[in-house]
1. Note down the nm distance, to one decimal, between modelled labels 7 Å out along Cα→Cβ at residue 442 and at residue 584.
2. Rounded to the nearest 5, what is the percent of antiparallel bridges among the DSSP beta bridges in the chain?
3. Taking square-rooted eigenvalues a ≥ b ≥ c of the alpha carbon gyration tensor, is segment 294-384 rounded, prolate or oblate, where a/c under 1.5 means rounded and, failing that, a/b exceeding b/c means prolate?
4. In nm, what is the difference between 0.36 nm times the number of residues separating residue 409 and residue 388 and their Cα-Cα distance?
5. Of the options 238, 249, 225, report the single residue whose Cα projects farthest towards the positive end of the charge dipole of segment 205-252 (beta-carbon charges: Lys, Arg +1; Asp, Glu -1).
6. What shape does the chain take by its C-alpha gyration tensor, where a ≥ b ≥ c are the square roots of the eigenvalues and a/c under 1.5 counts as rounded, a/b above b/c as prolate, and the rest as oblate?
7. Rounded to a whole number of µm²/s, how large is the Stokes-Einstein D of segment 400-463 at 10 °C and 1.306 mPa s, given Rh as the Kirkwood radius over C-alpha pairs?
8. Determine the relative contact order of segment 131-285: mean sequence separation of Cα pairs under 8 Å and six or more apart, normalised by residue count, in whole percent.
Amino acid sequence: METVEHKETNVLIRPWEGAYGGVPPFDKVTLEQFSPAIEWSINEKLEEVNLIATNAEAPDFENTLAAFERCGRSLDRVLTVFYIWSNNMSDTAFQKIESEVNPKLAALNDKIVQNEKLFARIKAVYESPELRKLTPEQQRLAWFHYTRFVHSGAQLDATAKSRLTAINQELAQLFTKFSQHVLADENTIYITVTKKEELHGLPQSMIDAAKEYAVSKNIKEGWAIANTRSSIDPLLTFASNRSLREKAWKMFKNRGDNGNENDNNAVIADILRLRAERARLLGFKTHADLMLDDKMARTPGRAMQLMEEVWKPAVQRVKEEVADMQATAKKEDAAITIEPWDYLYYAEKVRKQRYNLDQNELKPYMQLDKLREGMFWVAGELFGFTFEPSQDVPVYHPDVRVWKVKTKTSDQVIGLWYFDPYARAGKRSGAWMNNYRGQQKMDGPVIPIVSNNSNFMKGKPGEPVLISYDDATTLFHEFGHALHGLSSNVTYPSLQSPNVASDFVEFPSQLMEHWFTTPEVLNVYALHYQTGKPIPNTLIDKIYQAKTFNSGYATVEYLSAAIVDMKLHLEGDKPIDADTYERETLKALGMPSAIAMRHRLPQFLHIFSDDGYSAGYYSYLWSEVISADAYKAFIEAGGPYDRTVSKKYYTDILSVGNTIDPAEAYRLFRGRDPKIDELMEERGFTHKVTATK
């Protein structure tokens, strides 16, 4: 174990210092600190757990569950920084550390949940008649820990526990390998363009970003296309060069599936085999049954029922969309059959013909900084939050900025919001929210620290960054997660927002997307980057008229991935070849040939970088049913900014975290269970469906 002296000098271990209850010491972190800090903190947590487990006093809430909530705080601080580096600052040296550390963290979890004395105390509190005398939040905490321990193997015999530990160790290594393979393909595979005419159709901002990316890759002449969604999707939408579109689409969709040292097909097979074995050990038929046991959906069957109800009308809509695009191609004398790399390009042409709406018209109004200001304004209108730039907080990269979050009625800081918007080598693709420190108040108030991370391409220095309409929607989505964390008002750390069921956690984020297109935001914050004039009302009207346009594509692209995820994890111990399974399952589903899954299996980080969303990608659709129904509550009450509904939403949903069952929380907010009707209306589907609970 590390010496006391090392504990005092390793900045990762020490309590965070400075204002706001302390902040991560990003400016003092070195790679050499990670391994010893994690090693020391793991041992410290095991010692703390052992003290709880061997306590001679009879188990009660305070000496068992509250004590368990307090242990491991040094490790929490260390891992916060560790995972930030993993997602945003990963290089070869860090990846070596990551490969060594992740199995140790898996072993730690197994040692804790398999500690028989500790589980006996947790079980005793959970089953005690005294439980009913505790507060509802304390009762929920008892349920939370008891259920988590049972699902993690606490009730297994010694032989089964030993095997479970071995499985979790191997899975930890495979998760790390899968993630590193995808990141390696994203960082090392790109397209070089030497002739500017090959970029015909692309907005100048994209061409500038491709030039900057080429410079970052030491390409002196020409342009380079990054292997990330925020680079590829706009290219597929605007590039008239079909050959370039095909090359870009295949590059992006083949991440982790190139037959090179980063190929993930064998990794997937091993992960699935181990997950199936683990589920059986824990008494579940399949991994899907295990993962949904404590979710809102409860069973894979209920999740599949929802997906299948939406699938048929979505596929029908795709057939209509493809027919429109095929007709457009024919008018232009393009003797082609619409392929996946043609879909966004010809959809944009149809959009322009039908609604006179060209996304190139929108992009000049989509300034990243202005839209960020718009998000802040929405948070102020709905929840009374204000955001002030902070210059006194260290960051891990010059791209990162920090804001203090206050309320309009108080000068007191209630949280910090970090923003890391730009793509770079070593940063995983996509967009996400992180919880650096969760809110809690069991030993006094602790304010939350959250972040939003994106992968926008920088243009020329000094010029505003312009993003796509879809990227702007994603920006609001991820901010919804951040607001969830900032709104938390619970006592115990494990129950803080947004630590809720995975098929409920996407509800606040998907709901926040609705405010992006409100006139109050577009009229004030969608400003032309050159003239400063607001987006014209005629253009806003076109946005509303085209609201359900291409909804077939968006639904099928996502839903195919969600269905394949669920079916894959219902296969039990059946040997799986990922490429074959993906192809055959999509064929059986009737997948339109002009669309591919949003995340093909070899790059499906949601389900193979850890267990979090495995057999759980359906959560986005499940949550979207809830968010569409919830937004209707605002509309019924008088509009998106209705103060009474926003206050109720804050009180019943955002602030309560996991202190209440999510289905009950929603019933408190809405007065009933959510209905699927509003989702179908939002997507423009006319298929009649039944209500879902």
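1. Using points 7 Å along Cα→Cβ, the separation is 4.8 nm.
2. Bridges in the chain that DSSP calls antiparallel: roughly 75 percent.
3. Oblate.
4. This chain segment gains 6.1 nm when fully extended.
5. Positive-most Cα among the choices belongs to 249.
6. Rounded shape, in that the Cα axes give a/c under 1.5.
7. Reported coefficient: 116 µm²/s.
8. 27
The values are calculated or read from the model by the stated rules, or taken from the named source; none is laboratory data. Note that the coordinates shown come from a computational prediction; the quantities given were computed from them, not determined experimentally. Cβ: placed from backbone, ideal geometry, glycine included. Neighbour counts: every protein chain shown. These area figures cover heavy atoms from the full protein model, side chains too; ligands, DNA and RNA do not enter into them. Shrake-Rupley method; radii C 1.70, N 1.55, O 1.52, S 1.80 Å.
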